[in-house]
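Enquirer: Here it is, the structure in full.
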Amino acid sequence: MKRDLKSLGIDANGRTGGELRAACPFCKDKHLRHANRKCLAVNLDNGTYYCHRCGAKGRLDGYDTGIADDGKEAKAKQEWAKPQWHAEFINAPSAALDYLVNERKLSEETLKALKVSEPWVKMPEGKDLEQVIAFNYFLNGELVNIKYRSTDKRFLSFKGGRVVPYNIDSVKGKTVCAITEGEMDALTLHECGIRSVVSVATGGNAKVTWIDDFWDTHFSDKAFFILALDNDTVGHQLRDALVRRLGADKCRIVQWSKDCKDANEQLLRHGRRSVVSRVERAVHPLMENVYTAHDLEGDLQDVFQGRIRHGKRIALQGFDELVSFETGRLVIMSGRPGDGKSEFVDEIIVRLNLLHGWKTAYFSPENVPIALHLRKIAEKVTGCRFEPSREMDSRMYDAVQRWMGGNIFHILPREDRYELDTILETAQMLVERKGIKVLVIDPFNRIEQRLAEGQTELQYISSMLNRLIRFAQQTDVMVLLVAHPRKVNRNSTDGRGRRVEMNDINGSSDFGNKADICMIVDRNDEVGITTIHVDKVRFKHLGKRGMCHFHYEVTNGRFNPCGIGRAMSHEGDAVMRYANVQWQTQSWLLPDGTQLPPTCTCDNCATPAMVSDNGAAPAPPHPAPSLQQSIPF
């Protein structure tokens, strides 16, 4: 009788090594109720088989002769190199042991239980032998591989060792198995009392074919798997691959705290109870995006204790009482053409940078040539015209050029690439390389619209706004969007145009609906006042609805807080006019690069510290003559 897998009715599923479990062809007909029970163990490395029910045993054809049944040469058995075990290096006094115990908070009992050792090894980029961490890989009690790690994150693997999951012997006979992305996290779970745990055999690699070699012997009997993987892109890819391979119904996802990437960070920052609690509350893959008060315990405690304060203020009297800013938000600015939307956006950007260090990327095709836009920004920063003068000498020019070069970036794709994809890809790069905190899109209607077949303009705008909101949240950036209004009709009784409101923004009411903050700029040239209407603030810790008044100074482009008074016209009539202007003429930047951020006298604002190029606080400058007056609000 032939004794090969095919004749015995066993499908190896393409496997050539490891142990395979299958229904026994010799006794399954005698046990009809349990005919499919996998009681036959087949060792694909040496060809031996044994049935744990009827006792049948033997060797598959082709293994002892080297010739397969089809006359071809049988595939040679893969030989693995076996490392030598040195038990004397377990918990050997060394800097490596100190690192594991003191910096990673792993006890010597855990290190001994998982046979972590500290041998002397010559590591890459090292000249001499050094004592390092050795993660010893055992299979059925036999050492089959070793991975070495230095405390400064240099790695080395034993050459020719067998690829197996770390700590795989711990899961045999258990109904639940935790899977981590690295040995350190597997040690962490063991430290916290979760003993049935393995680390994937291939690190963060999303290829999970290694499971096949151990499915029958170690994983097939598991009720479910706890995926305690890293909270990053690689970890998410590995999670998705494991869910596909193991089945969603058998997987539970561990969600670490927002400030933690993996199990060991959870242990270091929040303690053992927190790790156990997170594992116990692991969720079904379809429930991964569902949150409860238990998941948000830290955030909820911050709200309860009043630790969530206002956002970033910009030291602009009147305005600070209405609005503050934070990243991850969509802010929309609108107003009639020529009323100063872009100018007020620049005012916000300059102040956010000088006070809080927020760098900004502009997509602003209307501010071309870019040098002319930079001139406007320079005038706001220095408080004087951007032209040779006593105030704007060569030293001041160099200082403002350095400041703009390190804090203001312009995205200007080719004319045929004014697409949102291009803008967001470039902004993503600036987030990663330059650390921008604000993305300004001015204006929205200069983005190329590419409607999908059957898509309406309203659907397209809604989709675009959703993408901007996701970008803000995923990159921790504030998106400031300038959008033009549709035509606003004049009042039929007095012929005056009413102010623009957020629902007047051209294209869709979704601009106002989806914005976190929505502001309208309304300028009255006859009175000399620009009014900022705050029509919406989604969260009350960021502000409230209201309005404030400014007088726009043409010389430096700054918005000066003011009140409204009366003045006599040439005809002797009393007319409305700006009054009690709080003039701001001082430079916010000194020729040596020292920054003197704007200050605000209202109760809600604290005076910021002055900062120089080298990080030292400069000596206080001589006070400028006071031109400020109290403002009646």
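The values are calculated or read from the model by the stated rules, or taken from the named source; none is laboratory data. Given the structure is predicted, the values throughout are model-derived calculations rather than measurements. Cβ sites come from the backbone with ideal geometry, for glycine too, and all protein chains shown count toward neighbours. With ligands, DNA and RNA removed, areas are computed over all heavy atoms of the protein, side chains included. Shrake-Rupley method; radii C 1.70, N 1.55, O 1.52, S 1.80 Å.
Enquirer: Could you list, in sequence order, all residues of the range 553-562 that are surrounded by fewer than 21 Cβ atoms within 10 Å (Cβ to Cβ) and either at pLDDT below 90 or part of a strand (DSSP E or B) (or both)?
Expert: Within the range 553-562, just GLU553 meets the criteria.
Enquirer: What helices (runs of 4 or more DSSP H), lying completely within the range 210-311, carry at least 2 residues that are closer than 30 Å to ILE10 by Cβ and open to solvent by less than 50 Å² (accessible area, probe 1.4 Å)?
Expert: Counting at least 2 such residues, we get 210-214, 233-246.
Enquirer: Give PHE214, PHE224 a once-over and let me know the one that is touching a helix residue (DSSP H, G or I) at 6+ places or on another chain (Cβ under 7 Å), aromatic (Phe, Trp, Tyr) and farther than 28 Å from HIS270 by Cα.
Expert: PHE214
Enquirer: Here's something else I'd like to know. So, in the range 442-477, of the ones that are in contact with a helix residue (DSSP H, G or I) (Cβ under 7 Å, 6 or more places away or on another chain) and among the aliphatic types (A, V, I, L, M), which residue ends up farthest from ASN353 (Cα to Cα)?
Expert: Restricting to residues being in contact with a helix residue (DSSP H, G or I) (Cβ under 7 Å, 6 or more places away or on another chain) and among the aliphatic types (A, V, I, L, M), the top hit is LEU451.
Enquirer: Of the conditions (1) modelled with pLDDT of 75 or more; (2) under 23 Å from GLY160 (Cα atoms), LYS75 fails just one. Which one is it?
Expert: Against the list (1) modelled with pLDDT of 75 or more; (2) under 23 Å from GLY160 (Cα atoms), LYS75 comes up short only on (1).
Enquirer: Oh, and also: Can you tell me which residue in the range 360-404 is most open to solvent (accessible area, probe 1.4 Å), limited to those that are out of contact with any Gly (no Cβ under 7 Å at 6 or more places or on another chain) and basic (Lys, Arg)?
Expert: ARG390
Enquirer: Out of PHE319, PHE325, report the one residue that is farther than 23 Å from PHE471 by Cβ, open to solvent by less than 70 Å² (accessible area, probe 1.4 Å), among the hydrophobic types (A, V, I, L, M, F, W, C) and modelled with pLDDT of 95 or more.
Expert: That would be PHE319, the only listed residue that is farther than 23 Å from PHE471 by Cβ, open to solvent by less than 70 Å² (accessible area, probe 1.4 Å), among the hydrophobic types (A, V, I, L, M, F, W, C) and modelled with pLDDT of 95 or more.
Enquirer: Kindly state which strands (runs of 3 or more DSSP E) lie completely within the range 131-200 and contain at least 3 residues that are surrounded by 22 or more Cβ atoms within 10 Å (Cβ to Cβ) and within 30 Å of the chain's Cα centre (by Cα).
Expert: 176-180, 197-199
Enquirer: Here is a further query. Going residue by residue through the range 327-342, is there one that turns out to be more than 23 Å from the chain's Cα centre (by Cα) and more than 18 Å from PHE511 (Cβ to Cβ)?
Expert: Yes, the range 327-342 contains at least one residue that is more than 23 Å from the chain's Cα centre (by Cα) and more than 18 Å from PHE511 (Cβ to Cβ).
Enquirer: Can I ask one more? So GLY565 clears everything in (1) open to solvent by less than 60 Å² (accessible area, probe 1.4 Å); (2) assigned to a loop (DSSP other than H, G, I, E, B); (3) at pLDDT 70 or above except one condition, right? Which one?
Expert: In the conditions (1) open to solvent by less than 60 Å² (accessible area, probe 1.4 Å); (2) assigned to a loop (DSSP other than H, G, I, E, B); (3) at pLDDT 70 or above, GLY565 misses (2) alone.
Enquirer: In contact (Cβ under 8 Å) with a residue 40 or more places away in the chain and touching an Asp or Glu at 6+ places or on another chain (Cβ under 8 Å): does that describe GLU343?
Expert: no
Enquirer: Please go through the range 97-120 and give me each residue that is surrounded by 17 or more Cβ atoms within 10 Å (Cβ to Cβ) and not in a loop (DSSP other than H, G, I, E, B), ordered by number.
Expert: LEU97, TYR99, LEU100, THR110, LEU111, SER117, listed by residue number.
Enquirer: I've got another one for you. Does SER342 satisfy the criteria of being touching a Cys at 6+ places or on another chain (Cβ under 9 Å) and open to solvent by less than 40 Å² (accessible area, probe 1.4 Å)?
Expert: Here the answer is no, as SER342 does not meet what is asked.
Enquirer: Quick check: anything in the range 479-488 in a helix (DSSP H, G or I) and at pLDDT 90 or above?
Expert: no
Enquirer: Give me the residue from the range 351-374 that is touching a Phe, Trp or Tyr at 6+ places or on another chain (Cβ under 8 Å) and assigned to a helix (DSSP H, G or I) and, out of that set, farthest from VAL500 (Cα to Cα).
Expert: Ranking the qualifying residues of the range 351-374, first place goes to LEU354.
Enquirer: Another question, if that's okay. Is there any pair with a first residue in the range 442-469 that is free of Cβ contacts under 8 Å to residues at least 24 places away in the same chain and a second that is of a type outside the set (S, T, N, Q) and crowded, with 16+ Cβ neighbours inside 10 Å whose Cβ atoms are under 6 Å apart and which are 6 or more apart or on different chains, and what are they?
Expert: LEU451/TYR460
Enquirer: So, one more: Of everything in the range 423-440, what is surrounded by fewer than 17 Cβ atoms within 10 Å (Cβ to Cβ) and assigned to a helix (DSSP H, G or I)? Give them in sequence order.
Expert: If the condition is that a residue be surrounded by fewer than 17 Cβ atoms within 10 Å (Cβ to Cβ) and assigned to a helix (DSSP H, G or I), then GLU425, GLN428, MET429, GLU432, ARG433, LYS434 are the ones that fit.
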